[in-house]
Amino acid sequence: MSDQQAIEAVVHLYVEGMTFANEAALRKAFHPQCAIIGHYKNAVEWLNREEFIAAIVAEGSAPPTTQPHMDIQMLDVVGDAASVKVSDDFAGMRFTDYLSMLRIEGRWMIVNKLYYLHT
């Protein structure tokens, strides 16, 4: 599998994890020490992985027939570092996410997520 394919697989895991409140998928996609940052409800939200997963699980899963929206708009890889810009939906909201990724011990992981919530 190429780096691009491996990175896209992690992004897919992340989007599916959010859409269907899949805690195991989110834990696999995100590094334990990652940060999730953006403006939510008119305030800066700065979450660690556990807080982020708890918020996703609390929102609950989309219906099983839901087709997750995922549009990778940019993917840049240099060595073991990558940056991905992806558009996705969560709980009826559209987000643009900037995912910083790092290959750690041969596996790509999201180490930082900066998001924009479209209004």
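The values are calculated or read from the model by the stated rules, or taken from the named source; none is laboratory data. For clarity, every value in this text was computed on a predicted model and none was experimentally measured. When we count neighbours, we look across all protein chains shown, and the Cβ atoms used for this are built from the backbone with ideal geometry, even at glycine. Protein only, heavy atoms only, side chains kept; ligands, DNA and RNA dropped before computing areas. Shrake-Rupley method; radii C 1.70, N 1.55, O 1.52, S 1.80 Å.
Brief remarks follow.
- Descending by average beta-carbon neighbour count within 10 Å, the peptides 40-47, 65-72 line up as 65-72, 40-47, the highest first.
- A91 sits among other residues whose Cβ lies under 15 Å from its own Cβ, and their net charge, with Lys and Arg +1 and Asp and Glu -1, is -4.
- The charge dipole of the chain, taken about its Cα centre with unit charges on the Cβ of Lys, Arg, Asp and Glu (plus for the first two, minus for the last two), comes to roughly 100 debye.
- Mean ellipticity per residue at 222 nm, deg cm²/dmol - from DSSP H runs of n ≥ 4 across the chain, formula -39500 (n - 2.57): -9000 deg cm²/dmol
- Gain in span if fully extended, R103 to T66, counting 0.36 nm per residue against the direct Cα distance: 10.3 nm
- Surface share of carbon and sulfur [accessible, 1.4 angstrom probe, percent] for the chain: 53
- Among residues other than A29 with Cβ under 10 Å from its Cβ, the summed charge is +3 (Lys and Arg +1, Asp and Glu -1).
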